[in-house]
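Quick notes on the structure that follows.
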Amino acid sequence: MTSKWIIYGLLAIALIIVLNLVGPFKGTVNSDFPDDYQPLDSNPIPTCPDSPNCVRLSIKMETDSETLFEASEDALREMEAEELDSNSDSLKMDAVFKIPVFGFRDDFQIHLTDGPSDGVTLLHVSSRSRTGKGDLGVNRRRVKLFLKSVQSKL
């Protein structure tokens with residue numbers, strides 16, 4: 001009877017490992033996003049470490065920085081960031097999200113800069129885990145949810 005539960009446990013662990021490598025729980029990588037959502041050389045947010053628990057993107061948005069800043073702030077509030085520090089003068093936001101079950105904290109940063117032409121703002125976004133190497137895709141999903149929410153507000 002006990003060996004039966006050990007086998008079930010080992011199978012569950014193996015399934016989680018496989019899903020973390022190739023399935024919906026895989027770690028986050030920038031290649032999960034379209035090419036036009038890739039980091040620019042001008043991205044002021046520090047680069048990601050060499051681990052699959054961080055996303056850092058730059059997106060050209062056809063709107064002014066004030067409108068984009070307000071939409072980004074609203075999106076983060078709707079996503080229920082545990083902490084949110086926004087500065088409209090520097091066009092920067094820092095948020096902290098808490099993972100419900102384990103209590104891990106993830107950092108989410110936004111920095112807006114002027115785009116290559118009038119009416120275009122560059123949205124620089126980063127979501128990264130504070131601890132560990134993998135994130136089971138949490139940061140990737142968080143960035144996708146954020147971008148979808150911001151785009152719906154514009």
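The values are calculated or read from the model by the stated rules, or taken from the named source; none is laboratory data. This one's a predicted model, so the numbers in the text were calculated from it and none came from an experiment. FYI the Cβ positions are ideal-geometry reconstructions off the backbone, even for glycines, and counts take in every protein chain you see. The accessibility values were calculated without ligands, DNA or RNA, using every heavy atom of the protein model including side chains. Shrake-Rupley method; radii C 1.70, N 1.55, O 1.52, S 1.80 Å.
With a 1.4 Å probe and all protein chains in place, put S65, S126 in order of accessible area, largest first. Don't skip to the answer; put the middle values down first.
Values: S65 35, S126 0 Å².
I get S65, S126, largest accessible area first.
Describe numerically, in nm with one decimal, the distance between label points set 7 Å from Cα along Cα→Cβ at E78 and at T2.
Going by the 7 Å Cα→Cβ label model, 5.3 nm.
How large is ³J(HN,Hα), in whole Hz, for each residue of segment 73-88 in order, when computed from phi with the Karplus curve 6.51 cos²θ - 1.76 cosθ + 1.60 and θ = phi - 60°, using x for Gly and Pro?
Result, rounded to whole Hz: 5, 4, 4, 5, 5, 5, 7, 6, 4, 5, 10, 9, 10, 10, 10, 6.
Along segment 52-69, what does the Karplus equation 6.51 cos²θ - 1.76 cosθ + 1.60 (θ = phi - 60°) give for ³J(HN,Hα), rounded to whole Hz, x for Gly and Pro?
Coupling constants for segment 52-69: x, 10, 8, 10, 9, 10, 10, 10, 7, 10, 8, 6, 7, 5, 5, 5, 5, 4 Hz.
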